[in-house]
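Right, one structure below, let's go through it.
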Amino acid sequence: MIFVRNEYGSHNPDEAMSLDDFAVGAQALTGLLRIFLSEPVFEGACYDAVGDG
Amino acid sequence: MAIRAEESAWFDIAYLGSGGAFGLLDPACLAIARSDNGQSLEATLKQRGFDPQPIRARRRLLDPSGIRAYLELHIEQGPTLVARGLPAAVVSAYAAASAFAMHAASASMAIRAPSGVPTGATPSRPRSPFFTIWRASGCNKKRPARIWFLTSGSCSPTRHARAEQDRRWTRFVLDLRSLSDTTMEVVAAEHALRRSGISAAYRVRIDLGATSDSPAAVMDSRLRARLMSLLDRPFEMASGAGTTRPCSPRSASRTP
């Protein structure tokens, strides 16, 4: 998950996110999708890590 | 894939959307009432044109073997990124969560807080007097070596199964978060122990309800490392580690 800066919390009528900040997060997300296509290290599932942090 | 209702604002069920998609929900959850109108999950699903049968049969609607990873862009619900002047962060882990739903009543018409702050009539109050009671009891001063957070997520007048003519019940939710399962267990046990002392000190009766629990989940290290490399100002933080603000009835009414 990628967090994007947001003022005044969530589920809040005053919550506010700038599109510039959204773009930073979206670019990281799309960058990772490109890595998925190019790096064999990501073959297989990546969702099995659960435990006491 | 498209899921919703991962948060428990409407139904006191952890990860309702993904749990339903992967056939992991207890079918008993279909009877859980929606927080604002009391309608069951089953009735709500039917009303919205969805079939509750897969939940009843614990049937998967999505096969995890065909999914490599789940990626999500999400607004931060707390103030950390604003305070640090950062546009985005990589989430390292989801904190474990336990929501303790309780009902409390005094013999008078309204619950009294130790500070004299009235409750019951002010359901949108972001920090309830009950939070003050728990804090004053010393519950959140223990074991500073481990990080954990306690939030009062709801405090509102309610109908209760044990309602009596001379008592006015208040629904009260404590939300506990930590990355440590051990800390979660220790604090939950202390919470239960303190109930009797608080009841006596403030002359209230407290019925403990069921908790909704979800374990801590550490994000995949390979995904985290790659995402960090894609940020100009890389920063990692845990989700739900005390920065999630409580959802007030006022704001919940605006959520679709």
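The values are calculated or read from the model by the stated rules, or taken from the named source; none is laboratory data. Since the model is a prediction, treat every value here as computed from it, not as a measurement. As a convention, Cβ positions derive from the backbone with ideal geometry for all residues, glycine included, and neighbour counts pool all protein chains shown.
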Worksheet item: Within the stretch A:28-53, restricting attention to residues that are facing chain B (nearest Cβ under 7 Å) and modelled with pLDDT of 90 or more, which residue is surrounded by the most Cβ atoms within 10 Å (Cβ to Cβ)?
Response: A:28
Worksheet item: Counting just the residues of the stretch A:5-27 that are touching a helix residue (DSSP H, G or I) at 6+ places or on another chain (Cβ under 7 Å) and under 16 Å from residue B:86 (Cβ atoms), which one comes out modelled with the highest pLDDT?
Response: A:5
Discussion item. Any residue at all in the stretch B:86-98 that's more than 14 Å from chain A (Cβ to nearest Cβ) and at pLDDT 65 or above?
Written reply: yes
Discussion item. On the basis of being of a type in the set (Lys, Arg), at pLDDT below 95, touching a helix residue (DSSP H, G or I) at 6+ places or on another chain (Cβ under 9 Å) and not in a strand (DSSP E or B), does residue B:59 make the cut?
Written reply: no
Worksheet entry | Output for the stretch B:62-78, where each listed residue is more than 8 Å from chain A (Cβ to nearest Cβ) and surrounded by 13 or more Cβ atoms within 10 Å (Cβ to Cβ) | B:62
Response to the item:
Here the residues within the stretch B:20-32 that are away from every other protein chain (no Cβ under 14 Å), out of contact with any helix residue (DSSP H, G or I) (no Cβ under 8 Å at 6 or more places or on another chain) and either surrounded by 14 or more Cβ atoms within 10 Å (Cβ to Cβ) or assigned to a helix (DSSP H, G or I) (or both) are B:28
Practice prompt. Residue by residue through the stretch A:1-14, note down the ones that are within 7 Å of chain B (Cβ to nearest Cβ) and farther than 23 Å from residue B:220 by Cβ.
Written response: A:5, A:6, A:7, A:9, A:10, A:11, A:12, A:13
Discussion item. For the stretch B:62-96, give me each residue that is out of contact with any Phe, Trp or Tyr (no Cβ under 8 Å at 6 or more places or on another chain), more than 23 Å from residue B:20 (Cα to Cα) and part of a strand (DSSP E or B).
Written reply: B:92
